[in-house]
Amino acid sequence: MQFTDLGLSAELLRAIGEQGYTTPTPVQQQAIPHILAGRDLEALAQTGTGKTAAFVLPILQRLTNPQTSPLQKVTHTAPRVLVLVPTRELAAQVLESVRVYGAHTGLRSLAVFGGVGINPQIQTLRRGIDILVATPGRLLDHLGQRTVDLSKVQTLVLDEADRMFDMGFIRDIRRIIERLPKVRQNLMFSATFAAEVRELAHAVLKNPALVEVARRNAPAELVSHSVIKVDQDKKRDLLLHLFAAHGWHQVLVFCRTKHGSDALARKLEQSGVRTAALHGNKSQNARTRALADFKAGKLAALVATDIAARGLDIDSLPRVVNFELPNVPEDYIHRIGRTGRAGASGEALSLVSSDERIQLRDIERLLKREIPTSVMPGFEPQHNHSVPRPAAGRPPAQKPAQARTRSGSGDRSGAPRSPRPARSGGGAAKPASHHSGQRHR
Ligand code: AMP
C-alpha cells in the first residue's frame, strides 16, 4: 500500500513526499481510514511505529475539508482539535509533526506546556489556532485564566494514554474532557491496554475502531540485551571505562532519579565525555537544546530519567545504557524502544548491582528470557549478586555461585570476561506478573 491509496489530499501527499515517505506504516494503514471516516479509535501503538502521523494526517485532512469541518478557520479562533500528551517533549514533537505534515494546508497550531512563559501562548491563542497540543497541567492553567476556549473542539486525541495515567494526569484529563463539546471524535493511543486505560477508553470512546500493531522494534529480535554486574559505587567508573574503551557516541543513559542523572552527567562531563542531562527539573530551553545537540551527534551521552525520555523521537540510536534498572519492568521495554528502530540493530546494556536483582528478575520474566550476564575485569562486584528465584515451587534456574557466568555464554570457567551481547537468552523465565513498583521521576 502507498500513501496515495489512502485518499489523502494533494497538500498532505506533497508534505509526506517532502519527508521522503512513500509507504504508510501498519498503524497508519489501519488507523487513517477509520479516522478519515470520522470514527472513534483505540490504538495500541508505541512510539516509533509512526503513530503520530497516523492521527495527524487524517485530522489535517478533515480540518481542511468543508464537509467534515464546516467551521472554517477564518470564522473563529478557537481550536477544533485538541491533542493531550503527557510530556513537554512529546508536545513539541507532535507540534512539529502537525507543522511538517500541515505545511501546505494553511492551518495554524500551537503547543502549550509548562516550564515556559504562559504569555506568548496566550497571545497565540488570541490570534486563533486550529490545532492545540497540550500537556494537561498547562491546559488547565489556561482554562482557569479563560485564555483558551475548548467549545469548538471536534476531535480529541489522547496520546500515550498509559503514560498519562502513570504520571497521575487522569483527574486533569477528566476535568478537561468535561469542558469539551459532547459530540466529537475521540482518538486514543496507548502503548499498553492496562486496566485503567481500558476504563478510560470505555468512558470516552464511542464504538471505537480497534487498531493494534506490533512494535516496530520488537526488542527480542532487534536489540541485543546484556548485563554487567557491578557494585553500585563502581558504576560510574565502569561507565567511563566503557566510553573510553569503545569510543561510544550517542548513548542514551538511564537513571532512576533527577538527582542521579545530574550527578552522573556532571561526572561524565568532567571526565571529557560530552554529556547533557534530560529531566523534569531542566528548563524547557535546556531540554530542547540537549535533545537537539544529542540528535546532531554533538553529545556522546544523554543522561535521562524515564519520564523525560518518554516519547523521544531519536532514530537509529545505537545504544541504550541502563545505569540503574527501572523499578517497573515495562519501563525497560520503553527504554530500549529508543534503540533498534526501523530495522537497525541496537544494544541495551544494563549495569546491575546486587540490590537490583529483583528488578532484573522481573525484566527477564517480562522479556521471557534470561539476559546474558558478565563481569568486567577490574570492576568485579564484591557484593553477592545471587538472584532469588520466584517462590511457588519453581526450581532455581541456577545456583547463586554460578551467577557470574550464567546464561548461555558457553564460558563456565568463572573467569571475568567482557560483556558479550546475545540475541537469544535461555528463555527460562516466566512471563511477568503485574508488578507495581514505586516510580521515580
Ligand atoms: P512516531 O511513532 O510517531 O514517534 O514516529 C516515529 C518515526 O517514524 C518518526 O521519526 C517519523 O518521522 C517516522 N515515520 C512516520 N511515518 C513514516 C513512514 N510512513 N515511513 C517512514 N518513516 C515514518
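Per-residue answers, yes or no, for (1) open to solvent by less than 10 Å² (accessible area, probe 1.4 Å); (2) at pLDDT below 95; (3) in the same structural domain as Met167 (by TED's automatic domain parsing); (4) in a loop (DSSP other than H, G, I, E, B):
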| site | (1), (2), (3), (4) |
| --- | --- |
| Gly17 | no, yes, yes, no |
| Gly20 | no, yes, yes, yes |
| Thr23 | no, yes, yes, yes |
| His34 | no, no, yes, no |
| Ala53 | yes, no, yes, no |
| Leu60 | yes, no, yes, no |
| Ala92 | no, yes, yes, no |
| Leu95 | no, no, yes, no |
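Does Val85 count as within 16 Å of the ligand (Cβ to nearest atom) and of a type in the set (Val, Ile, Thr)? Walk me through it before giving the result.
On the way: within 16 Å of the ligand (Cβ to nearest atom): yes; of a type in the set (Val, Ile, Thr): yes.
For Val85, the condition - within 16 Å of the ligand (Cβ to nearest atom) and of a type in the set (Val, Ile, Thr) - is met.
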Exercise. Just for region 308-345: of the residues that are within 15 Å of the ligand (Cβ to nearest atom) and in contact with a strand residue (DSSP E or B) (Cβ under 6 Å, 6 or more places away or on another chain), which one is modelled with the lowest pLDDT?
Worked result: Gly340
For this session: Tell me, please, whether a residue that is more than 8 Å from the ligand (Cβ to nearest atom), within 21 Å of the chain's Cα centre (by Cα) and open to solvent by less than 30 Å² (accessible area, probe 1.4 Å) can be found in region 2-15.
Result: no
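Just to be sure, is Glu96 under 23 Å from Phe169 (Cβ atoms) and without any contact (Cβ under 8 Å) to a residue 60 or more places away in the chain? Quick ask: steps written out before the conclusion?
Numbers: under 23 Å from Phe169 (Cβ atoms): yes; without any contact (Cβ under 8 Å) to a residue 60 or more places away in the chain: yes.
Against the criterion (under 23 Å from Phe169 (Cβ atoms) and without any contact (Cβ under 8 Å) to a residue 60 or more places away in the chain), Glu96 qualifies.
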Problem set entry | Unmet requirement for Ile170, which otherwise passes all of (1) touching a strand residue (DSSP E or B) at 6+ places or on another chain (Cβ under 7 Å); (2) more than 30 Å from Asp355 (Cβ to Cβ) | (1)
Exercise. If you take the residues of region 99-141 that are within 16 Å of the ligand (Cβ to nearest atom) and in a loop (DSSP other than H, G, I, E, B), which of them is farthest from Ile173 (Cα to Cα)?
Worked result: Ala103
Exercise. Can you find a residue in region 123-134 that is closer than 30 Å to Tyr332 by Cα and open to solvent by less than 10 Å² (accessible area, probe 1.4 Å)?
Worked result: yes
Exercise. Mind checking which residues of region 25-42 are of a type outside the set (S, T, N, Q) and more than 11 Å from the ligand (Cβ to nearest atom)?
Worked result: Ala31, Pro33, His34, Ile35, Leu36, Ala37, Gly38, Arg39, Asp40, Leu41, Glu42
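A quick yes/no check of all residues on (1) free of Cβ contacts under 8 Å to residues at least 24 places away in the same chain; (2) farther than 26 Å from Phe113 by Cα; (3) surrounded by 20 or more Cβ atoms within 10 Å (Cβ to Cβ):
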site: Cys255; (1), (2), (3): no, no, yes
site: Ala265; (1), (2), (3): no, no, yes
site: Ser271; (1), (2), (3): no, yes, no
site: Gly280; (1), (2), (3): no, no, no
site: Arg287; (1), (2), (3): no, no, yes
site: Ala292; (1), (2), (3): yes, no, no
site: Lys298; (1), (2), (3): no, yes, no
site: Val320; (1), (2), (3): no, yes, yes
site: Asn327; (1), (2), (3): no, yes, no
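The values are calculated or read from the model by the stated rules, or taken from the named source; none is laboratory data. Since this is a predicted model, take the numbers as computed values, not measurements. So basically every Cβ, Gly included, is an ideal-geometry build from the backbone, and we count neighbours across all protein chains shown. Side chains are part of the model used for accessible areas, which takes the heavy atoms of the whole protein and leaves out ligands, DNA and RNA. Shrake-Rupley method; radii C 1.70, N 1.55, O 1.52, S 1.80 Å.
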